[in-house]
1. In Å, what Kirkwood hydrodynamic radius results for segment 579-659 from the alpha-carbon pair distances?
2. Could you give the dipole magnitude of segment 408-510 about its Cα centre, charging the beta-carbon of Lys and Arg +1 and that of Asp and Glu -1, in debye to the nearest 20?
3. What Kirkwood hydrodynamic radius, in Å, does segment 213-280 give when the mean of 1/r is taken over all pairs of distinct Cα atoms and then inverted?
4. What ranking do V201, V373 get, fewest neighbouring Cβ atoms within 10 angstrom at the top?
5. In cubic angstrom, how much convex hull volume per residue do the alpha carbon atoms of segment 351-439 span?
6. Can you give me the P(r) profile for segment 86-151? Cα pairs, bins 5 angstrom wide beginning at 0, each as a whole percent.
7. In the chain, with Lys and Arg counted as +1 and Asp and Glu as -1 at Cβ, which of these residues, Y502, S205, C423, has the Cα nearest the positive end of the dipole, that is, farthest along it?
8. Tabulate in residue order the Karplus-calculated ³J(HN,Hα) for segment 263-273, using 6.51 cos²θ - 1.76 cosθ + 1.60 with θ = phi - 60°, rounded to whole Hz; enter x for Gly and Pro.
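Quick note: the coordinates plus some simple rules give every number you see, no bench work behind them. No experiment lies behind these values; they were computed from the predicted model shown. Cβ placement follows ideal geometry from the backbone for every residue including glycine, while neighbour counts extend to all protein chains displayed.
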Amino acid sequence: MDVNKVFEYTRYLDGIEKMKAAHVVLAEYAYTPSLPEKGYTNRTLHVDLSTMKISEKKVDEAMKKTFTGGRGFGLKYLWDAIKPTTKWNDPENDIIISPGPICGITQYPGAGKSLVVTLSPITNIPIDSNVGAYLGPLLKFSGFDALEIQGKATEDVIVVLEGVKGRVTIERAPLESVNSHVAAEQFTHEYAADEADRRNVSVASAGQAAEHSLIGCLNFCYYDVRRKVTRLKQAGRGGIGTVFRDKHLKALVVHGPQVKGDMNRPADLGRVQRAGVKLHREMHDFDDKMCTMRKVGTTNIVSVMNAYDLLPVMNFQYGSHPDAKHIDKTTWIRKFTQGIPDGCWYGCSMACAHGVDEFALRTGPYQGHKVIVDGPEYETAAGCGSNCGIFDPHWVIECNFYCDTYGIDTISFGTITGFVMECWQRGILDKERTGGLELTWGNGEAQLEMMHQMARGEGFGAQYAGQGVHRMKTMFADNGWGDRQLLDDIALEGKGLEQSEYMSKESLAQQGGYYLTNKGPQHDEAWLIFMDMVNNQIPTFEDKAEALYYFPMFRTWFGLNGLCKLPWNDIEPGDNRTANTPQEAAKVPEHVQNYVDLFSGVTGREITKEEIIAMSERVYQFQRVFDLRMGKGTRQYDKAPYRAVGPVTREEYESRQERYDKQLTDWMKVDPAGKSTEEKMALHRAYREDRYQKLVDAVYKRRGWTENGIPTLETLRRNGIDFPEVVAAVKPHLK
């Protein structure tokens with residue numbers, strides 16, 4: 001395949017000058033562009049769509065010390081913008097994009113990330129999502145540490161930041177598409193001066209399904225100079241795209257300066273470069289022996305999860321399937337275009353942002369079009385594939401494409417589809433209730449049609465599936481379609497957010513890693529399955545609690561600074577496993593030192609490995625209080641659905657009967673002989689649910705929380721966040 005071919009996306013550019021000429025400027029703001037100094041520009045941009053007012057805020061040293069950047073800045077600005085009574089679709093809800101102080105360096109892999117924060121429509125608490133592509137770095141190099149978009153326009157508008165000209169506008173743009181793969185092309189061509197300048201334009205957009213569902217994602221684009229087409233990366237979780245479209249935003253366009261290697265103006269560029277050289281060398285020497293990220297990206301673990309019985313199959317009922325080989329890396333190495341750098345930011349030698357080129361669509365409004373599909377990554381292959389009993393790679397790819405362009409979170413969509421397919425399996429749903437959709441296991445066409453219904457705002461797709469698992473289970477029970485206890489057990493969600501795509505039944509630590517999170521069950525806080533289940537490195541409750549303190553705090557740090565997690569432990573130094581104890585090897589100490597060097601080298605503020613944890617904990621504890629302020633943040637909201645903890649049904653138990661019977665003997669000292677499957681399941685449930693509560697107790701103690709999950713006043717003081725408004729949010733719960 002000729003990757004330099006101009007894709008059929010050129011069809012979307014007919015009349016591009018007419019589109020641009022139809023724009024009407026509704027508000028304009030002039031400012032003086034500036035580059036960062038030691039990673040910070042020390043100002044942020046605020047856009048109010050209700051009043052059409054654009055303004056700036058100063059970032060002072062106290063803000064940087066307490067909240068660092070990225071997710072921290074987003075949470076602080078959201079806290080200031082909303083009230084405890086604010087709903088996600090109220091005008092005061094804020095969308096904050098913040099890249100963090102390290103974001104934008106080109107010397108270290110994975111340094112182009114941004115964090116997007118808003119009040120989630122699906123959880124009603126703050127959501128944060130880490131996203132790649134060029135928008136965050138270009139925002140920073142245009143002069144701002146963060147962008148806040150508040151208010152709600154009365155019609156579809158775009159916000160345009162011209163970072164070289166020093167001009168911000170709110171414009172009416174009536175002719176461009178709302179769907180992301182088209183909008184990204186159109187707006188990139190409109191605002192770039194020429195082809196070389198297209199790399200300096202990035203567009204944020206959410207497609208038409210985000211308008212009619214609560215699980216909308218926000219796409220950031222970047223221009224792929226080899227394919228000559230824009231590509232998409234997602235701030236996927238929690239319905240950020242839904243908020244974007246509710247504000248009547250068609251697109252955010254950032255047109256920044258040409259990127260150069262020293263634009264963060266770090267305090268010690270040489271120190272940053274030395275850390276990068278080490279990791280680039282490891283990528284060159286070890287990637288093919290470790291994770292093959294440069295060839296297949298995160299799909300390398302499909303076969304690993306399947307081998308260890310951890311791959312979600314049919315709504316997390318099972319952990320493996322013989323057909324998983326059709327969606328594992330042996331398939332994707334053939335589907336993904338090979339032999340070209342595939343990074344989503346300059347200088348990323350991990351190059352894991354793979355794509356399927358010239359993919360012919362079979363369904364929907366773009367049927368017959370040949371497109372590039374970014375991914376799938378592991379979460380999409382597992383969620384929209386195996387978790388729905390779909391092992392045909394075509395349907396996984398097509399689902400991936402339409403999720404992206406329509407603005408739908410693939411993780412939530414995969415878990416939602418798995419849930420409704422199990423409801424079909426158990427007679428809770430039928431063709432009458434789904435409006436004719438035959439949502440049987442493996443039916444990729446029905447899965448896609450359900451998504452197309454979301455995009456059209458009609459049918460079962462919009463009325464039920466687009467509302468998320470938490471609301472669906474209540475609607476089904478209220479309709480009299482199924483037993484509420486069963487629906488609660490098989491609905492893989494926490495705090496309203498759909499679980500991401502790992503089986504946690506046999507890893508107590510991973511159950512905590514999912515359901516003791518601040519935002520809901522997302523794997524970016526802690527992925528402890530191998531430490532816990534496979535390697536037995538954290539056997540006691542205290543060991544697990546320590547891991548559930550360290551890893552969520554450490555992983556939080558990536559989102560404060562504008563970094564991707566993958567270069568931390570998806571590639572390791574060659575001697576990591578021999579030079580360290582197993583517990584220390586899991587932390588990859590040499591790479592932790594790299595991050596010390598990066599932060600110190602960029603900002604000039606000398607830190608230690610311990611201070612990485614302290615920086616993160618300040619923000620983590622603040623977010624817990626934020627949840628509390630919004631009506632959650634207590635023990636009852638940290639409950640896990642039983643499907644995440646143990647076998648719900650006879651089929652599940654009997655599929656692993658030998659294992660579960662042995663656990664009765666070894667764990668509970670109970671002889672399974674002569675007991676019915678139902679009796680054995682009841683014993684497991686009582687034991688596993690009690691064990692989970694003991695883990696909760698241990699984790700709360702380690703995190704400095706009360707038995708009800710409330711950060712104590714001493715914890716707030718220790719972290720320097722005992723501000724009057726924070727203490728006021730906590731005090732009523734400490735009586």
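1. Working: mean 1/r = 0.0585 Å⁻¹.
Every distinct Cα pair counted, the radius reaches 17.1 Å.
2. Working: 9 positive and 16 negative charges, 38 e Å.
That gives a dipole near 180 debye.
3. Working: mean 1/r = 0.0651 Å⁻¹.
15.3 Å is the Kirkwood radius here.
4. Working: V201 25, V373 28.
The fewest-first ordering by Cβ neighbours comes to V201, V373.
5. On the way: hull volume 8.8 nm³, N = 89.
Here the figure is 98 Å³ per residue.
6. 4, 19, 24, 20, 14, 11, 6, 2, 0
7. It is S205.
8. 6, 6, 6, x, 5, 9, 4, x, 5, 5, 5
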